[in-house]
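**Q** One structure follows; several queries about it will come next.
The values are calculated or read from the model by the stated rules, or taken from the named source; none is laboratory data. All values reported here derive from a predicted model rather than from experimental measurement. For neighbour counting, all protein chains shown are included, and Cβ atoms are generated from backbone atoms with ideal geometry for every residue, glycine included.
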Amino acid sequence: MFVWRSFKEAGAIIENSHFVYVSGRHGSVYIDHHAIYTVLKAVSQMCRFMAEDIYDLSLGCEIEVVLGPEGGGIILSRFLKEHLDRFGGKRISLWAKKQYGDNGLRKFVLPRAFIKHISGKKVFLIDDILTSGSTFYELTELANRYGANVVGLGCLWNRGGVTSGDLGGIPLFSLFEKRFEDFDKSECPFCESGIPINNEFGHGRNLR
């Protein structure tokens, strides 16, 4: 699988350790999505594969805007826009900024200059790793706030087993799907064995 191989070669798959995920659950494998952006040629190729999948389902001609979250989503939205444009038409790639309140809760906002480009448009959302679907849910709400219609969702790696049905029935394009076993803290075999929590990756960084 091209996606697995690319993540592996980029050093993005960290195995055989004890991680705490954002969900609070524990596991032995962590996907460092930042690392995949050290191999931009592979990222572009993955976006090309996604563009082909989108057009195979005759959705590509509907898309007017590609929107990703701040961070890797900026790169992904740009690459996907370029590959979609090769099939015809011109699209705009945009990104949503992350803001954190005093309570630590995240929300997405659009830079003011982007609002006129998304209002009333048909939007495709893209992200790298799909775990729970919360990012897509928040971005969909953001787009809807400006009268946009989200017509599709895409991710490089669906590691949460998320389905289109979980996301309101919006078509979902996952280039690769693989889940890793995780555990509640009370049932974690790594905790029971006294294996220390990795504090370089995942939520373990907040436990230093």
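**Q** Please pick out the residue among LYS41, LYS81, LYS107, LYS97 that is touching a strand residue (DSSP E or B) at 6+ places or on another chain (Cβ under 7 Å) and in a helix (DSSP H, G or I).
**A** On inspection, the qualifying residue turns out to be LYS81.
**Q** Could you look through region 110-140, keep only residues that are under 16 Å from the mean Cα position of the chain (by Cα) and assigned to a helix (DSSP H, G or I), and pick out the one that is farthest from LEU67 (Cα to Cα)?
**A** SER134
**Q** Considering only region 60-81, I want to know if a residue exists there that is on the phi < 0 side of the Ramachandran plot, touching a Ser or Thr at 6+ places or on another chain (Cβ under 8 Å), at pLDDT 95 or above and charged (D, E, K, R).
**A** Scanning region 60-81, I find at least one residue that is on the phi < 0 side of the Ramachandran plot, touching a Ser or Thr at 6+ places or on another chain (Cβ under 8 Å), at pLDDT 95 or above and charged (D, E, K, R), so the answer is yes.
**Q** Applying the selection to region 90-118, what residues are under 26 Å from ILE54 (Cα atoms) and exposed (fewer than 12 other Cβ atoms within 10 Å of the Cβ)?
**A** Of region 90-118, the ones under 26 Å from ILE54 (Cα atoms) are 90-97, 108, 110, 114-118.
Answer for region 90-118, where residues must be under 26 Å from ILE54 (Cα atoms) and exposed (fewer than 12 other Cβ atoms within 10 Å of the Cβ): LYS90, LYS116.
**Q** Let me ask something else about it. Please go through region 6-21 and pick out each residue that is on the phi < 0 side of the Ramachandran plot, of a type outside the set (Phe, Trp, Tyr) and in contact (Cβ under 8 Å) with a residue 12 or more places away in the chain.
**A** From region 6-21, those on the phi < 0 side of the Ramachandran plot are 6-10, 12-15, 17-21; that's our starting set.
Checking which are of a type outside the set (Phe, Trp, Tyr) leaves us with 6, 8-10, 12-15, 17-18, 20.
Across region 6-21, the qualifying residues are SER6, GLU9, ALA10, ALA12, ILE13, ILE14, GLU15, SER17, HIS18, VAL20.
**Q** Got a number for residues in region 27-38 being in a helix (DSSP H, G or I) and over 14 Å from GLU9 (Cα atoms)?
**A** 0
**Q** For residues in region 1-26 being in a helix (DSSP H, G or I) and aromatic (Phe, Trp, Tyr), which is surrounded by the most Cβ atoms within 10 Å (Cβ to Cβ)?
**A** PHE7
**Q** Need the failing condition index for ILE14 against (1) within 23 Å of PHE173 (Cβ to Cβ); (2) out of contact with any His (no Cβ under 6 Å at 6 or more places or on another chain); (3) among the aliphatic types (A, V, I, L, M), just the number.
**A** Only one criterion is unmet by ILE14, namely (1).
**Q** Restricting attention to region 128-140, does a residue exist that is among the polar types (S, T, N, Q), in contact with a Leu (Cβ under 9 Å, 6 or more places away or on another chain) and within 26 Å of VAL29 (Cα to Cα)?
**A** Taking every residue of region 128-140 in turn, at least one turns out to be among the polar types (S, T, N, Q), in contact with a Leu (Cβ under 9 Å, 6 or more places away or on another chain) and within 26 Å of VAL29 (Cα to Cα).
**Q** Is region 192-199 home to any residue that is over 30 Å from GLU62 (Cα atoms) and of a type in the set (Ser, Thr, Tyr)? Don't jump to the end; show me each part of the working.
**A** Of region 192-199, the ones over 30 Å from GLU62 (Cα atoms) are 192-199.
With the extra rule that they be of a type in the set (Ser, Thr, Tyr), the set shrinks to 193.
Looking for residues that are over 30 Å from GLU62 (Cα atoms) and of a type in the set (Ser, Thr, Tyr), one finds at least one in region 192-199, hence yes.
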